[in-house]
């Protein structure tokens, strides 16, 4: 898995560098705000970094799927011969892998088009339903399948799965509002999920997460403040989609721990609690102001921290660190006993409540837009 992280890192860093130069020559820079949208002052920075991220993830994934499809289990060097033991398992997920890749490319193209010519939130949201609906309806990638026997079919778990995909994808899309923020949070969250799947020996999901972590880290070479390149929706939608897929396909119980408590299933909510907090809070602020929750502005958690006096670098560092703290809590939740799980859950809820109370008392978000 570490090899895949390194491969994705190199491919992403190199591809983003190539795309950066091509975008500058072509004038493919960050666009003006669409009607009703509020953006920071426009900078002459390409917003095409998602192309490099998608190339690193999907290019490597496609190569792996083709190799597994053609491989007969022979011809590997001695140090890699153990991989042959997993050949049958790898071939069994080929269809799922291609479906995941096609859905990711669909969202990538959707994002790239939107980055160049805004499509509007309603059309984007409708288009975003197709990939998770394919995975849930055709490839049985579903949440809460235990409900199937109570509601007369799988329709409820399909709906819940699609809603979860949309929530995580949009949460990561919302996170793409400051230099280094979305990629930094995704690298941390992806690393926590990767550690969890390695414990359970879930190699396909682990491979996907390794590619996400490596690609995001490689993109940060160009996106760390002050950014020379933005990922745009062509990157953030892909990252959110792949993280959502990983959370649905992962088994959140360490088979060697002897623990089979239901609360291990809450790991995704804990690990992604900071992005979800940002999405929920900025949505509440926009709705309270009579604005569309899907039209961007400068009232995200990061912008509110800047309004309270932090620099943009410090705001990004604080949010990434908070994501690390909740991510570690989520990782520990997998093998926790009952009282430990209660303590971990209480810690995360307390953290989010402190943030919410601080913001409410400080009046963050109560005065319209900021130029953070």
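The values are calculated or read from the model by the stated rules, or taken from the named source; none is laboratory data. Note that the structure is a prediction, hence the values are computed from the model and not measured. Using ideal geometry, Cβ is built from the backbone for each residue, glycine included, and neighbour counts are taken over all protein chains shown.
On the given criteria, is residue 177 in contact with a helix residue (DSSP H, G or I) (Cβ under 7 Å, 6 or more places away or on another chain), under 28 Å from residue 319 (Cβ atoms) and part of a loop (DSSP other than H, G, I, E, B)?
Against the criterion (in contact with a helix residue (DSSP H, G or I) (Cβ under 7 Å, 6 or more places away or on another chain), under 28 Å from residue 319 (Cβ atoms) and part of a loop (DSSP other than H, G, I, E, B)), residue 177 qualifies.
At pLDDT 85 or above and either under 21 Å from residue 265 (Cβ atoms) or not in a loop (DSSP other than H, G, I, E, B) (or both), is that true of residue 325?
yes
From the list 265, 298, exactly one residue is surrounded by fewer than 22 Cβ atoms within 10 Å (Cβ to Cβ), over 17 Å from residue 171 (Cβ atoms), out of contact with any strand residue (DSSP E or B) (no Cβ under 8 Å at 6 or more places or on another chain) and modelled with pLDDT of 90 or more. Which is it?
Sole residue among the options that is surrounded by fewer than 22 Cβ atoms within 10 Å (Cβ to Cβ), over 17 Å from residue 171 (Cβ atoms), out of contact with any strand residue (DSSP E or B) (no Cβ under 8 Å at 6 or more places or on another chain) and modelled with pLDDT of 90 or more: 298.
Among the listed residues 55, 9, which satisfies the condition of being without any contact (Cβ under 8 Å) to a residue 60 or more places away in the chain, under 19 Å from residue 182 (Cα atoms) and surrounded by 16 or more Cβ atoms within 10 Å (Cβ to Cβ)?
55
Do the conditions hold for residue 97, that is, is it out of contact with any strand residue (DSSP E or B) (no Cβ under 9 Å at 6 or more places or on another chain), at pLDDT 90 or above and part of a helix (DSSP H, G or I)?
Details: out of contact with any strand residue (DSSP E or B) (no Cβ under 9 Å at 6 or more places or on another chain): yes; at pLDDT 90 or above: yes; part of a helix (DSSP H, G or I): yes.
Criteria met by residue 97.
To keep it simple, each residue is scored yes or no on (1) modelled with pLDDT of 95 or more; (2) more than 19 Å from residue 222 (Cβ to Cβ); (3) in a loop (DSSP other than H, G, I, E, B); (4) in contact with a strand residue (DSSP E or B) (Cβ under 9 Å, 6 or more places away or on another chain).
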{"position": "22", "(1), (2), (3), (4)": "yes, no, no, yes"}
{"position": "32", "(1), (2), (3), (4)": "no, yes, yes, no"}
{"position": "42", "(1), (2), (3), (4)": "no, no, yes, yes"}
{"position": "53", "(1), (2), (3), (4)": "yes, no, no, no"}
{"position": "67", "(1), (2), (3), (4)": "no, yes, no, no"}
{"position": "76", "(1), (2), (3), (4)": "no, yes, yes, no"}
{"position": "80", "(1), (2), (3), (4)": "no, yes, no, no"}
{"position": "86", "(1), (2), (3), (4)": "no, yes, no, no"}
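Condition (residue is in contact with a helix residue (DSSP H, G or I) (Cβ under 8 Å, 6 or more places away or on another chain), surrounded by fewer than 20 Cβ atoms within 10 Å (Cβ to Cβ), modelled with pLDDT of 90 or more and outside any helix (DSSP H, G or I)) applied to segment 226-235: is it met by at least one residue?
Yes, segment 226-235 has at least one match.
Considering segment 120-164 alone, what residues qualify as being free of Cβ contacts under 8 Å to residues at least 12 places away in the same chain, surrounded by 15 or more Cβ atoms within 10 Å (Cβ to Cβ) and farther than 19 Å from residue 247 by Cα?
Residue satisfying the conditions is 148 alone.
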